[in-house]
Amino acid sequence: RDAGMEDVSVREAVKAVNSDYANYSSHLFLANSYFDLRDPNGINLRYETPFQTEYLVANLLAPVGAGTLSPQVSQQEYSKLFESDHAGVSSDTKYLSHGDWDQNAVEYGNFGNTAFAFEQDYSSTHGYRPNSDQEDTLYDFKLKQQVTSQDSVFAEVELRKTTGGNRVPYFNQADAATAPFRFEESQRPIVVAGLHHEWQPGVDTLLLVSRLDDSLAVTNPLSPTYLVTKDSDRGPVTQILPFQALQNYRSALEIYSVEAQHIWQTHQFTTIAGARWQTGNFNTRNYQENFDQNLVDLVPTVLAQQNVSAHFDRENIYAYEQWQPLEAVRFIGGLSYDRLVIPENFRYAPLNNDTVTTYHLLPKAGIIWTPLTDTTLRAGYSQSVGGASFDQSFQLEPSQVAGFNQAFRSLIPESLGGANAGATFTTYGISLEQKFPTRTYLAVEGNLLQSKVARQDGEFELIGANPPFKYQTGNLRERLDFTEWSLAAAAHQLVGRDWSLGAIYRLSRAELIDDFPDITAAGAAATGFITRHDTTARLHTLDLNVIYQNPLGFFARAGSVWTHQENHGDSLTQAGDDFWQANVLTGWRFFHRRAEITVGVLNVTAQNYRLSPLNLYSETPRDRTFYTQFKFLF
């Protein structure tokens, strides 16, 4: 999986998973492929859930000593990993001249029927604007024990702490000043345990038990909220005044999860069935203080002092069937049922302790057709539903249908829609892939992704017609409707022994409709409040890269990316942008490929840019940045 060929890696991995679902190496291949697609800044979370899901399945299915316990180790291709009993250490250090630093270390080993990996990761990010720094510390211990020839157990304990400022992307970097918040998030600890029983080759039962723990503290001196009036308690909003308040927010979630899955694989049929149960609580404290002198006659200085608790519950039953009537054709069908009980509003203050219960019957369908040995046509459709936080990332249910991802943390960009709970997802995908004897890889893929959220935002409601007013906290309905069309065409060519060339063109059109249905036109007009935003963004990218790798260990990579964006519905200052960025890296692998050093320059021409976060993209350096990396595995 060389850099620049991540899309090829994903396509080959999903073929492996669908052709042999009970094979741990297929899931490991797919997990590592999703790992390469994740946003290195941790902002866009589209691939977090499928990566975590595939990696859990791989770790449960894998025999002891397979080298799956740490992504940092499993992505290496060193012969030392195949030694029966051994201990080792892996280290990966990255430094950017902008001041960003990432250090990852893993101590791992395999002795008889026991394997372990202890990972430590520290990263410090400075960002390219004020208050965009972040510091992250992770400790993760995994253990795999072979109990009998057919039974193995897996355990993981993870501790994490992240602190920082405002990391979400903006079209105009100066706009970040409107959200100068600071946060601290801790997970102490996340505990995962699993059991694998192999009845016979291709027939497996998996059990996953987890405890999720997360604490979040946010201080925001400019937290947005609303002051409203209504004709009745649940009537429409006749007047609305957005304003800002000082907020101190604390939340703690504790969720327990149990999931059982059975895999039954024969020559023509593969059945994957399972059930998951999750339960927990969200405990939240909220303090809000008014500093707007124009509102002193309407609301007091202390707006809210809240301590609320809301229950979380989820029951999920699913079944997937793969049928291969002919060697060249594989049909995929599935159905899942979800009952979801989530807090009504634990994020957008003022808060409440109510819950919302929803029921979802979610169909899945797909086909994989291989009319020729090196020609593959895939099509897939799926409906799925998200959880309340990161709870859906610890699951075993298949993350993809015919190779198209259906497991999402979120689709709506958080910088525009905020964090959401209970979002629904609909996915349509079609792909044509062709390999030639000339070692040429071609692919065309189209996707349609949709996500909808109906949520409650907090509000302060004035009571009475004349001063002195009283007020009470309430809810303001908000509906988000997101649609993304995308088309990608990729061509990769292996040239001789040492060279590979690649070109990937992507076109995506994203639209977000943000609607407040309870506000009357007259009530919105009084303060100029816009009750409905309809924003679209069209993004073109062309990624060109060349890679050279010599058997003696020397390698080099050069790439250039053209980006063009057109925006509609925003202000004229967000019309779009058009620019090129180029990167050059070179390095050397030595000590029998157990050590590697890389140096290079990112954004060689120091090209800054303005992009709407409505389209999916990972933020790249906004100035010329020198890059160094040193890693080893012994």
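The values are calculated or read from the model by the stated rules, or taken from the named source; none is laboratory data. Note that this is a predicted model, so its numbers are computed, not measured. Here the Cβ positions follow ideal geometry from the backbone for every residue, glycine too, while neighbour counts run over all protein chains shown. The accessibility values were calculated without ligands, DNA or RNA, using every heavy atom of the protein model including side chains. Shrake-Rupley method; radii C 1.70, N 1.55, O 1.52, S 1.80 Å.
Overview of results
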{"read-out": "Strands (runs of 3 or more DSSP E) wholly inside the stretch 170-284 that include at least 3 residues being within 30 Å of residue 294 (Cα to Cα), of a type in the set (Val, Ile, Thr) and touching a residue at least 40 places away in the same chain (Cβ under 8 Å)", "value": "203-230, 237-265"}
{"read-out": "Residue pairs meeting the criteria (Cβ under 7 Å; at least 6 apart or on separate chains; first more than 25 Å from residue 91 (Cα to Cα) and buried (at least 17 other Cβ atoms within 10 Å of the Cβ), in the stretch 598-624; second β-branched (Val, Ile, Thr) and modelled with pLDDT under 95)", "value": "603/620; 614/535"}
{"read-out": "Subset tally (residues that are among the charged types (D, E, K, R) and either open to solvent by 20 Å² or more (accessible area, probe 1.4 Å) or not in a strand (DSSP E or B) (or both)) for the stretch 337-365", "value": "4"}
{"read-out": "Enumeration of residues in the stretch 588-634 that are among the aliphatic types (A, V, I, L, M) and closer than 22 Å to residue 561 by Cα", "value": "599, 601, 602, 604, 606, 611, 614, 616"}
{"read-out": "Residue tally, condition assigned to a strand (DSSP E or B), open to solvent by less than 20 Å² (accessible area, probe 1.4 Å) and closer than 30 Å to residue 230 by Cα, over the stretch 502-534", "value": "2"}
{"read-out": "Whichever residue in the stretch 126-178 is of a type in the set (Gly, Ala, Ser) and either in contact with a Phe, Trp or Tyr (Cβ under 8 Å, 6 or more places away or on another chain) or modelled with pLDDT of 95 or more (or both) and, among such residues, is most open to solvent (accessible area, probe 1.4 Å)", "value": "155"}
{"read-out": "Number of the exception - residue 97 against (1) in contact (Cβ under 8 Å) with a residue 40 or more places away in the chain; (2) open to solvent by 40 Å² or more (accessible area, probe 1.4 Å); (3) more than 22 Å from residue 608 (Cα to Cα)", "value": "(3)"}
{"read-out": "Residue among 422, 386, 417 that is in contact with a Leu (Cβ under 7 Å, 6 or more places away or on another chain) and open to solvent by less than 10 Å² (accessible area, probe 1.4 Å)", "value": "417"}
{"read-out": "Lone qualifier among 125, 148, 163 - being under 21 Å from residue 93 (Cα atoms) and free of Cβ contacts under 8 Å to residues at least 40 places away in the same chain", "value": "163"}
{"read-out": "Check on residue 341, more than 30 Å from residue 256 (Cβ to Cβ) and either among the aliphatic types (A, V, I, L, M) or more than 24 Å from the chain's Cα centre (by Cα) (or both)", "value": "no"}
{"read-out": "Filtered residue count, the stretch 276-330, keeping only those that are among the β-branched types (Val, Ile, Thr), open to solvent by 10 Å² or more (accessible area, probe 1.4 Å) and farther than 30 Å from residue 380 by Cβ", "value": "5"}
